[in-house]
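Worksheet: one structure, shown below.
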Amino acid sequence: MKKKNIIAIIQARLTSSRFPNKIFHKIENKSLLDLLIYRLKKSKYVDKIVLAIPKNEKNKSIKDKVKKIAIFSGSENDVLDRYFQAAKKFKAQTVVRICGDCPLIDSKVVDRIINFYQKNNFDYVSNIIKPTYPDGLDVEVFSFKTL
């Protein structure tokens, strides 16, 4: 399988109306975001992990607290553009979309979706259109061109 620049982009923000600051909520002294990153780093295929956050004062503290991965700040209201600009900046050939509220993401599921995407030369593969895994294991994989 030909290696492509595979960038996992995690979308996250602090301004959820139902659970503000949820990415920093702790379980056993680890934030939900740290747990997600730890689990995602176990992927065999992901070359880089990027956190895509809204560019505003409310989310500025994320940059102070997250040091383990790259951070991209972009549009608050246009999440698609935030993904596009992050993927462009980091020269992604393949984008793996992960939501910041999926701290129990399974790297084996991520790798299975990436592998299926690459072997079949698809433009887009996910396990969410027709849910095949429980909530929280959501993965979307697509080419930069498709994005």
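The values are calculated or read from the model by the stated rules, or taken from the named source; none is laboratory data. Given the structure is predicted, the values throughout are model-derived calculations rather than measurements. No Cβ is skipped: glycine too gets one built from the backbone with ideal geometry, and neighbour counts run over all protein chains shown. Please note that ligands, DNA and RNA were not included when accessible areas were found on the heavy atoms of the full protein model with its side chains. Shrake-Rupley method; radii C 1.70, N 1.55, O 1.52, S 1.80 Å.
A few comments on the model shown:
- The charge dipole of the chain, taken about its Cα centre with unit charges on the Cβ of Lys, Arg, Asp and Glu (plus for the first two, minus for the last two), comes to roughly 560 debye.
- Shape analysis of the chain based on the Cα gyration tensor places the equivalent ellipsoid semi-axes at 24, 17, 14 Å, largest first.
- Per-peptide average of other Cβ atoms within 10 Å, ordering 19-28, 41-50, 6-15, 99-108 highest first: 6-15, 99-108, 41-50, 19-28
- Solvent exposure of the chain as accessible area per residue, Å², 1.4 Å probe: 59
- Share antiparallel - DSSP beta bridges, the chain, percent rounded to 5: 35
- Carbon plus sulfur fraction of accessible area for the chain, probe 1.4 Å, in percent: 50
- With Cα atoms, 0 to 90° folded angle of helix 107-120 axis to the chain main axis: 40
- Within the same chain, lysines fewer than 8 places from Lys58 are excluded, and of the rest, those with a Cα less than 28 Å from its Cα are Lys22, Lys26, Lys30, Lys41, Lys48, Lys67, Lys68, Lys88, Lys89, Lys91.
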